[in-house]
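Participant: A single structure is presented below for examination.
Rule-based calculations on the coordinates, nothing more; no lab input. Please read these numbers as outputs of a predicted model, since none were measured by experiment. Note that each Cβ is placed from the backbone with ideal geometry, even for glycine, and that neighbours are counted across all protein chains shown.
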Amino acid sequence: MSTSSDQLSTLTGPTAAELPAAADLATRFPLTANAAPAGEDAYSAVMDNLSFGVSFTDHMARATWTPREGWHGHRVEAFGPLTLSPAAAVLHYGQEIFEGLKAYRHADGSVWTFRPGFNAARFNASARRLAMPELPEEDFVASLAALVAADARWVPSVPGSSLYLRPFAIATEPFLGVRSAHQVEYLLIASPVGPYFAHGFEPVAIWVAEDYHRVGPGGMGAAKTGGNYAASLLPQQEAYEKGFEQVCFLDAATGTHLEELGGMNVFAVGADGTVRTPSLTGTILEGGTRGSILQLLRESGRKVSEETINLAELLEQIRSGEVSEMFACGTAAVITPIGRLAGSGFDVTVADGRPGAVTSGLYAELTDIQYGVRPDTHDWMYRLA
Ligand SMILES: *Cc1c(COP(=O)(O)O)cnc(C)c1O
């Protein structure tokens, strides 16, 4: 049984045109240049061997918050270890939020990012859930502009590569009492990354977790916070040991319907062309990739719905061929085709286990917009440098 959509999206945030120019915003985070930036050899070693999240640029952006001063000390400085009291609240109670977006180099050398206003709005929605201070949306984007200006040489240009941007905030107050911290640090680090699909656009096998849940009703599922990832690591590890690349979680309340993967939203495509994704019930993280895909599909005239996706029904529909494609989506991989779905007592191959036309088409459309190959008719792309 499918219920119709719960539209819980509250993440608007400024569009690219509503934001000031990057060069103007960047001045909000003054630069103290790294006195010992990576030399030619170290730089080439990273840029000639791009992987995901292992190497970082010369700088980081940061700002500090206290109740008395608000946000202050905005700056870009050398990337390096933090000085943190061992009593810092984040180390004990996990008061942390993060974001993930990418800077893409276009053919003319310019550098752009995708819907930064959305990520800024989501960062603040996460902040509210974790009782942390919100960062003005323009300051969030300003930190991206300032860091990319300082580290422009780290934005790779080989096809499919990008500079992954990781904004986050942590509770730094040294205090073991349990309440929201009175000192918070905002940080932005960046990592040059290669194409996610090193071996081509290959479908993954998904294990559906029945013994573990990522989040529960009233929990932090709609917030992008490290704690949700911590909850997913053991199920992820067990699935990996069984030969599966990723885990799909079911709702904790009934254990009957699909929610999402540990860090990606999930879609099912019908043989009749309709596309479904779980609705935003409060226990699902609202992906920017998810929302963009929904918008592109709706505009193309396709029938799209955000609804409850019952696992037992879905398995039947996959077996009968009624569901012909499945994919997961998120900033890191953009779109990951799902070729197999298994759990205790079932193991089904989606279509023939190869990426379908809707999945491949969306991947091409989104990445073409991000890399400036297709026109950006939605005002999604914001020029950073
Ligand atoms: C970040 C994230 C996603 C994907 O969000 P995007 O904005 O598309 O990158 C999906 N699910 C979870 C749990 C996430 O943390």
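Participant: Using a cut-off of 17 Å between alpha-carbon atoms, which aspartates and glutamates can reach LYS242, once sequence neighbours fewer than 8 places away in the same chain are excluded?
Facilitator: Partners found: GLU210, ASP211, ASP347.
Participant: Further question on the same structure: Which angle from 0 to 90°, rounded to the nearest 10, does the C-alpha axis of helix 116-129 make with the longest principal axis of the chain?
Facilitator: With both axes taken from Cα atoms, the answer is about 90 degrees.
Participant: Using a Gaussian network model of the chain whose springs link C-alpha atoms within less than 10 Å, name the residue from ARG75, ARG179, ARG153 with the highest mean-square fluctuation.
Facilitator: With Cα springs under 10 Å in the chain, the top fluctuation among ARG75, ARG179, ARG153 is at ARG179.
Participant: Let me ask something else about it. Pick from GLY343, GLY13, GLY263 the residue whose mean-square fluctuation is largest in a GNM of the chain, springs joining Cα atoms under 10 Å.
Facilitator: Highest fluctuation among the options: GLY343.
Participant: Report the per residue volume, in Å³, of the convex hull enclosing the C-alpha atoms of the range 16-194.
Facilitator: 122 Å³
Participant: Among ARG122, ARG128, which comes first, then next, by fewest other beta-carbon atoms within 10 Å?
Facilitator: So the residues, fewest neighbours to most, are ARG128, ARG122.
Participant: Between 0 and 90 degrees, rounded to the nearest ten: what's the tilt of helix 226-241 against the longest Cα principal axis of the chain?
Facilitator: Once rounded, one gets 50 degrees.
Participant: Bin by bin, in steps of 5 Å, what percent of the Cα pairs in the range 216-362 do you find, going until the bin that has the longest distance?
Facilitator: Binned Cα distances yield the sequence 2, 9, 20, 24, 22, 15, 7, 1, 0.
Participant: Additional query: So which lysines can LYS224 reach, going by Cα to Cα under 18 Å and dropping same-chain residues fewer than 8 places off?
Facilitator: LYS102
Participant: Taking the Cα atoms of the chain, what is the range of coordinates along each of the three principal axes, in descending order and whole Å?
Facilitator: Result, largest extent first: 62, 52, 39 Å.
Participant: Ranked by Cβ crowding within 10 angstrom, fewest neighbours first, how are LYS242, LYS303, LYS102 ordered? Present the calculation step by step, with values, prior to reporting the outcome.
Facilitator: Details: LYS242 9, LYS303 12, LYS102 20.
If I rank by nearby Cβ atoms, fewest first, I get LYS242, LYS303, LYS102.
Participant: Name the residue farthest towards the positive end of the dipole of the range 24-113 from the options VAL54, GLY70, PRO37, assuming +1 on Cβ of Lys and Arg, -1 on Cβ of Asp and Glu, about the Cα centre.
Facilitator: Looking along the dipole axis, the top candidate is GLY70.
Participant: Rounded to whole Å, give me the distance from the Cα center of the range 7-84 to that of the range 204-237.
Facilitator: One Cα centre to the other: 28 Å.
Participant: If you don't mind, another one. GluC sites (Glu not before Pro) within the range 1-85: which are DSSP loop residues with at most 15 other Cβ atoms inside 10 Å?
Facilitator: GLU69
Participant: Grab the DSSP H runs of the chain that are 4 residues or longer, score each as -39,500 (n - 2.57), total them, divide by all residues and round the 222 nm result to the nearest 500 deg cm²/dmol.
Facilitator: So the helix-based figure for the chain works out to -7500 deg cm²/dmol.
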